[in-house]
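Student: This is the structure I have questions about; it appears just below.
The values are calculated or read from the model by the stated rules, or taken from the named source; none is laboratory data. Nothing here was measured: the structure is a model prediction, and the numbers come from that model. FYI the Cβ positions are ideal-geometry reconstructions off the backbone, even for glycines, and counts take in every protein chain you see.
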Amino acid sequence: MARMLSKLGYCSRSQANALIRQGRVALRGRIVRDPDCPVASPRDQIEVDGQRIHQASAIYLVMNKPRGVVTTASDEKGRAKVYDLLDSDLPWVGPVGRLDKASEGLLLLTNDTEWAARITSPSSHLDKIYHVQVSGMVDADLLANIVVGHCTEGGASPGKPSQDLLAKDARLLRHGDRNSWIEIALDEGKNRQIRRLLESLGIEVLRLVRVSIGPLELGDLQKGCVRRLTAEEKRSIDRVLRGT
């Protein structure tokens with residue numbers, strides 16, 4: 001049931017779980033309290049608070065997320081959220097992946113949860129490009145180590161590596177007297193991957209900006225602004241996801 005509500009573009013999976021457990025969701029006229037209750041088809045009669053739920057029109061948004069803004073729908077600390085930057089009359093959309101509070105740049109939001117899952121899936125290997133300002137000078141050895149990566153310990157088998165932190169590519173963009181800008185490419189995303197990788201190499205991150213996802217570039221979209229993905233941009237991403 002929760003999966004179907006999410007698939008219909010009504011809300012996120014976690015929000016659907018909460019609605020169902022609160023007794024606010026009915027299937028064919030009967031209240032359902034089990035989020036895992038099977039639903040045979042999107043055409044099954046599903047109601048939330050007595051209102052029939054239909055497939056929502058797909059929405060695809062591009063945001064230039066500012067630094068200091070979190071990607072959660074609610075925040076117990078009262079911090080600014082990406083949802084504060086959206087028009088109040090928009091239907092529900094969710095972020096495609098995450099950018100942590102201190103990171104900024106390109107963020108996709110959509111109510112097409114299956115499309116979002118394909119983009120974030122490690123199997124898609126959709127390149128994400130980041131521009132990272134770091135403290136100090138960057139040399140060829142450091143760039144090589146970013147690509148070689150760093151092995152972290154933990155997991156089910158003690159003493160064995162459970163996760164590798166590495167980048168697909170890294171190159172120097174420019175440098176000043178006290179800091180440098182690096183372009184880092186990832187083809188899969190782990191939690192705070194770039195920050196953890198650079199920290200393991202003794203490098204302090206000053207700024208981290210995502211500038212592209214696959215063929216989609218941040219371009220000149222102003223910080224804090226949101227626009228709809230164009231039809232051609234959507235098609236270009238889908239071609240990459242299909243491997244064509």
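Student: Are any residues in segment 8-63 basic (Lys, Arg) and without any contact (Cβ under 8 Å) to a residue 60 or more places away in the chain, and if so, which ones?
Tutor: Arg21, Arg24, Arg28, Arg30, Arg33, Arg43, Arg52
Student: Can I ask one more? Considering only segment 164-195, state which residues are assigned to a strand (DSSP E or B), at pLDDT below 85 and surrounded by fewer than 16 Cβ atoms within 10 Å (Cβ to Cβ).
Tutor: Asp164
Student: What are the residues in segment 16-60 that are at pLDDT below 85 and closer than 16 Å to Trp92 by Cβ, if any?
Tutor: Ile53, His54, Gln55, Ala56
Student: In segment 217-235, what residues are of a type outside the set (Asp, Glu) and in contact with a strand residue (DSSP E or B) (Cβ under 7 Å, 6 or more places away or on another chain)?
Tutor: Result: Leu218, Leu221, Gln222, Lys223, Gly224, Cys225, Val226, Arg227, Arg228, Leu229, Lys234.
Student: If only one of Ile31, Ile20, Ile46 is surrounded by 13 or more Cβ atoms within 10 Å (Cβ to Cβ), outside the structural domain of Trp115 (by TED's automatic domain parsing) and out of contact with any Cys (no Cβ under 9 Å at 6 or more places or on another chain), which one is it?
Tutor: Ile46
Student: Before we move on, is Ala73 closer than 19 Å to Leu8 by Cβ and either surrounded by fewer than 17 Cβ atoms within 10 Å (Cβ to Cβ) or in contact with a Pro (Cβ under 7 Å, 6 or more places away or on another chain) (or both)?
Tutor: Here the answer is yes, as Ala73 does meet what is asked.
Student: How about segment 195-215: which of its residues are in contact (Cβ under 8 Å) with a residue 12 or more places away in the chain and more than 18 Å from Pro66 (Cα to Cα)?
Tutor: Arg196, Leu197, Leu198, Ser200, Leu201, Ile203, Glu204, Gly214, Pro215
Student: Only residues that are assigned to a helix (DSSP H, G or I) and not aliphatic (A, V, I, L, M): list them for segment 198-244, please.
Tutor: Glu199, Ser200, Glu232, Glu233, Lys234, Arg235, Ser236, Asp238, Arg239, Arg242
Student: When segment 80-95 is examined, which residues are found to be closer than 15 Å to Asn111 by Cα and in a strand (DSSP E or B)?
Tutor: Result: Gly94, Pro95.
Student: Leu221 fails exactly one of the following numbered conditions: (1) outside the structural domain of Glu114 (by TED's automatic domain parsing); (2) under 26 Å from Lys101 (Cβ atoms); (3) surrounded by 15 or more Cβ atoms within 10 Å (Cβ to Cβ); (4) at pLDDT 90 or above. What is the number of that condition?
Tutor: (1)
Student: Same structure, new question: Determine which member of the set Ser212, Ser200 is surrounded by 12 or more Cβ atoms within 10 Å (Cβ to Cβ) and within 19 Å of the chain's Cα centre (by Cα).
Tutor: Ser212
Student: Collect the residues in segment 117-163 that are modelled with pLDDT of 85 or more, polar (S, T, N, Q) and not in a loop (DSSP other than H, G, I, E, B), keeping them in residue-number order.
Tutor: Thr120, Gln133, Ser135, Asn145
Student: Here's something else I'd like to know. So which residues in segment 76-109 are aromatic (Phe, Trp, Tyr) and surrounded by 20 or more Cβ atoms within 10 Å (Cβ to Cβ)?
Tutor: Scanning segment 76-109 gives a single hit, Tyr83.
Student: Taking the criterion of being farther than 23 Å from Gly219 by Cα and touching a residue at least 40 places away in the same chain (Cβ under 8 Å), would at least one residue in segment 74-88 satisfy it?
Tutor: Looking for residues that are farther than 23 Å from Gly219 by Cα and touching a residue at least 40 places away in the same chain (Cβ under 8 Å), one finds none in segment 74-88, hence no.
Student: Of all residues in segment 1-28, which are over 14 Å from Thr110 (Cα atoms) and of a type in the set (S, T, N, Q)?
Tutor: Ser14, Gln15, Asn17, Gln22
Student: Let me ask another. Please enumerate the residues belonging to segment 42-71 that are under 17 Å from the mean Cα position of the chain (by Cα) and either farther than 20 Å from Leu5 by Cβ or aliphatic (A, V, I, L, M) (or both).
Tutor: Scanning segment 42-71 gives Ile59, Leu61, Val62, Met63, Asn64, Lys65, Pro66, Arg67, Gly68, Val69, Val70, Thr71.
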